[in-house]
Each structure stands twice: as structure tokens, then as C-alpha cells.
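**Q** Below you'll find the structure I mean.
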Amino acid sequence: MTESFRCSDAARERGDPVLGTAPPQPRLLLVEVPGGWPADAIAALPAEVRDDLVRVMTTGSARLLLVRRPGGQHRPEGPWQWYAVDPAASPGARVVGGTWSTGAELLAAATSALAGAAAQGPGVVDEQLLLVCTHGRKDVCCAVRGRPVAAALGEIWPAEVWECSHTGGDRFAANLLVLPDGACYGGLDADEVAGVVRGHRAGTPAVDHLRGRIGQDRRVQGAVVAALGRWAVPWDAVRPVGAPQVLPPAEGDGALAGTEDVVARWRTDVAVEGHGLWRASGVERLAPAQRLTCRAVQAGSVRVPEVVGWSALPEAVRGSAASEAVPGSAAPGSVPPDLR
């Protein structure tokens, strides 16, 4: 180990899969905080309301992301921007926002927005946001790779682009969130990111860079991304149906060639617009232990979902898909606001 170790360089050399690594929280609270950020994003919140904000975010299953404009465009004095983002909400209510100058104002806004009281009326178009993680004090790769990507996007979509704090997956820097869709991309460079955004919005998501959708179980993320690639459909054309099911181990798991790293088997259903209802059968493989962040002292292993088969579901099952289709599987209050 040396001080020059960079987790994103190592991950690219290994070819680490990005699949199934989008943040687990189904909603986001974006808070503009100027200047440098501490390693712990929560520590940047106003001290007098910090604990209350954490409670509100935990209850609302929201992840905190600090935001600032790229290129040092930091406003030292308020008012500053805030947003609450819920990709699963109705169109026109997926992004709500306002400004704050005091801790009390921020707490009131977050409490109202995450409770659904701040939802906008019909006919309102959701604001488009592009967030790039540049949280260098959390992991240096996020700053080194993230800032050029944020700058490149800012030249094209200056009103939509924000630098943001830790999204998880440091080794996949640069990481991008496309909102309000909740799409999380990783392993991006400045010379390709505009094409990824344009492709996503035009209905051709870059599945090789797609980590998944925020708030979904990693196996559901894996099935959705695999379906997007298999049927070449737009981002919103694949909907999870029900929750993933864990299956008993298959005979020969861990003994036959190609199964040595299989630690679980699963299945989950998805509705694919224009193609019907399908069941994805998959495995989870335990990746070899590696240093997963620049600061990691010890190697760690992660589970990687992989779809190994598809089967069409009968018409009787398809008829109930509309009532069971769900955008995610995280329960309210089940995940902390800033997953370390």
C-alpha cells in the first residue's frame, strides 16, 4: 500500500462491475452548502437543527447530499438552494425546492417536503438536475475524477449541474445522478459524460455505466439494468413488480466450475413496456477482496448481482402487474440519511 493508491484507477484496471450499487435511499435531500465540506456531510448542517434534520431524513428515507455549483461558484451568504427529490412520486411532484438562510428555515422546509406537504400542483414540470460527486474529503478520487466531469456538464447545462457530496461507490468515480429519474451512473470521464446524459434523456441509457436506480434493492437494480440492455428500451420502460425472492442454493454451487464465487440465488419480476412481464433469474457473486476506497486500510468484498436467465410470465400473472409494479423496495425509515 502506498499513498499514491487511487481506488478508481484500481477498479478500472480490475474491471469492477458497477451494477447494483446505486444509493439505497429512495429519496434525496439536497442542501446547498458553500465552500469545502467535511468528510461527514451531516457535520456541515447547521448545528442547532442537525439532530432534527437527521431524524426527519431517517423517517422519510432520504439521503443527504450537499450541493454546490461547479468551478468555485460558491455563495458565501444565503439564501441557498435546497431540493427534495423523490423519483417515485407523480410527475410534477418528483422535485420540490426552495431557499434557506437559517437552520430553522431548512428544518421547516425539509420536514414539509419529505412529508409530502410541499408537493407541487398538476401541470408542473419536474426540474432537471445533474449531480456529480466531488467529495474529495470523503475520497480523493471523487474530486480528481468528479470535478472535470462536473465542469464539462456545466458548460452545457449550467442551470442543472451541481457538485454533490458522497453518493457511495467511490471506486466508480466519476459518479453522476440524473434527476428526477434517480438514475445513477459511474465510471465516467469528461469527454463522454455529455453523451451519456443525452442518451439517457433520449431513451438509450448507457447500461455499461449504469449503477442502478436509487432506492431499489441491488438485485432489482441488476434486473432492471439487464432488461434495459436486453430489450434496448428507455429508462422508464422497465418497472419492478413485487420484491425479489431469495432461492435455495443450487446443487453444485461452489463446487462446479463457474460457481465458486456464487453466494446466493434470486429471482425478481419486471414489466417491460411493449414486451410484457418477465422473470429474471440471477445469482450474487462475491467479488475478490479489494481496497474499495482510497482510505481503506483493509480489503473488503462486495456482492455483485448478475442475471443468468429470463422467462416470460403467463398472461394471468401479467394481468396483476399494473397493481403490483413498484419503483423500489426500500421501506420508510430503513436506511440512514448518509450511508457511509
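**Q** First check a/c for segment 189-299, with a ≥ b ≥ c the square roots of the eigenvalues of its C-alpha gyration tensor; if it is under 1.5, answer rounded, and if not, answer prolate when a/b is larger than b/c or oblate otherwise.
**A** Working: a/c = 2.35, a/b = 1.18, b/c = 1.99.
Oblate shape, in that a/c is at least 1.5 and b/c is the bigger or equal ratio.
**Q** So what is the relative contact order for segment 32-120, in percent, with contacts set as C-alpha pairs under 8 Å and at least six apart?
**A** On the way: 100 pairs, mean separation 28.0, N = 89.
Relative contact order here is 31 percent.
**Q** Moving to a separate point now. Given the options Leu286, Leu114, Leu176, which has the most mean-square fluctuation in a GNM of the chain, springs set between C-alpha atoms less than 10 angstrom apart?
**A** Of Leu286, Leu114, Leu176, the Gaussian network model singles out Leu286 as fluctuating most.
**Q** Please tell me the relative contact order of the chain in percent, rounded to the nearest whole number, where contacts are Cα pairs under 8 Å and at least six residues apart. Could you put the intermediate results ahead of the total?
**A** Numbers: 750 pairs, mean separation 68.8, N = 340.
Averaging sequence separation for qualifying contacts and normalising by length gives 20 percent for the chain.
**Q** Here is a further query. Summing -39500 (n - 2.57) over the DSSP H runs of n ≥ 4 in the chain and dividing by its residue number, what mean residue ellipticity at 222 nm do you reach, to the nearest 500 deg cm²/dmol? Don't skip to the answer; put the middle values down first.
**A** Working: 8 runs with 79 residues, N = 340.
It comes out at -7000 deg cm²/dmol, rounded to the nearest 500.
**Q** Using a Gaussian network for the chain with springs between C-alpha atoms less than 10 Å apart, which of these wobbles most: Gly136, Gly222, Gly98?
**A** For the chain, modelled as a Gaussian network with Cα springs under 10 Å, the answer is Gly98.
**Q** Here's something else I'd like to know. Based on the Cβ-Cβ distance from Thr99 to Glu13, what FRET efficiency comes out when R0 is 45 Å, to the nearest 0.05? Don't skip to the end; give the middle numbers.
**A** On the way: r = 44 Å, r/R0 = 0.97.
The formula returns an efficiency of 0.55 here.
**Q** Working with all protein chains in place, sort Glu105, Glu260 by solvent-accessible area computed with a 1.4 Å probe, largest first. Before the final figure, lay out the partial values.
**A** On the way: Glu105 85, Glu260 120 Å².
Correct descending sequence by accessible area is Glu260, Glu105.
**Q** Right, next: Roughly how many whole Å is it from the C-alpha centroid of segment 20-65 to that of segment 195-226?
**A** 24
**Q** Say we join alpha carbon atoms closer than 10 Å with springs in a Gaussian network model of the chain; which of Ile42, Ile214, Ile156 then has the biggest fluctuation?
**A** Largest GNM mean-square fluctuation: Ile156.
**Q** Dipole magnitude of the chain about its Cα centre, charges +1 at Lys/Arg Cβ and -1 at Asp/Glu Cβ only, in debye to the nearest 20? List each step's numbers first, then the result.
**A** Numbers: 33 positive and 37 negative charges, 47 e Å.
Taking the Cα centre of the chain as origin, the dipole is about 220 debye.
**Q** Just to confirm, what accessible area per residue do you get for the chain at 1.4 Å probe, in whole Å²? Before the final figure, lay out each step's value.
**A** Values: 14670 Å² over 340 residues.
Per residue, the chain has an accessible area of 43 Å².
**Q** Once both labels are modelled 7 Å past Cα along the beta-carbon direction, what's the Asp236-Glu127 spacing in nm?
**A** Calculated label separation equals 1.9 nm.
**Q** Taking the Cα centre of segment 61-162 as the origin, how large is its charge dipole in debye, to the nearest 20, when only Lys and Arg (+1) and Asp and Glu (-1) carry charge on their Cβ atoms? Can you show the working numbers first?
**A** On the way: 9 positive and 8 negative charges, 81 e Å.
The dipole magnitude comes to about 400 debye.
**Q** Among the complete DSSP H segments of the chain, which ones combine at least 15 Å of alpha-carbon extent along their axis with a mean Kyte-Doolittle hydropathy of 0.5 or more?
**A** Numbers: long enough: 103-114 (16 Å, 1.25); 140-156 (25 Å, 1.07); 218-231 (20 Å, 0.22).
For the chain, where a helix must reach 15 Å along its axis and average at least 0.5, the hits are 103-114, 140-156.
**Q** Next up: Based on the alpha-carbon gyration tensor of segment 154-235 and its eigenvalue square roots a ≥ b ≥ c, which shape applies: rounded if a/c is under 1.5, prolate if not and a/b is larger than b/c, or oblate? Each step should come with its number before you reach the end.
**A** Details: a/c = 1.77, a/b = 1.28, b/c = 1.38.
The shape class here is oblate.
**Q** Next question, about the same structure. Roughly to the nearest percent, how much of the accessible area of segment 161-238 is carbon and sulfur, given a 1.4 Å probe? Don't jump to the answer; show the numbers that get you there.
**A** Working: 920 of 2090 Å².
Carbon-and-sulfur percentage of accessible area, whole number: 44.
The values are calculated or read from the model by the stated rules, or taken from the named source; none is laboratory data. Everything numeric in this text was worked out from a predicted model, so none of it was measured. Note that we place each Cβ from the backbone using ideal geometry, even for glycine, and neighbour counts take in every protein chain shown. Only protein heavy atoms, including side chains, enter the accessible area calculation; ligands, DNA and RNA are left aside. Shrake-Rupley method; radii C 1.70, N 1.55, O 1.52, S 1.80 Å.
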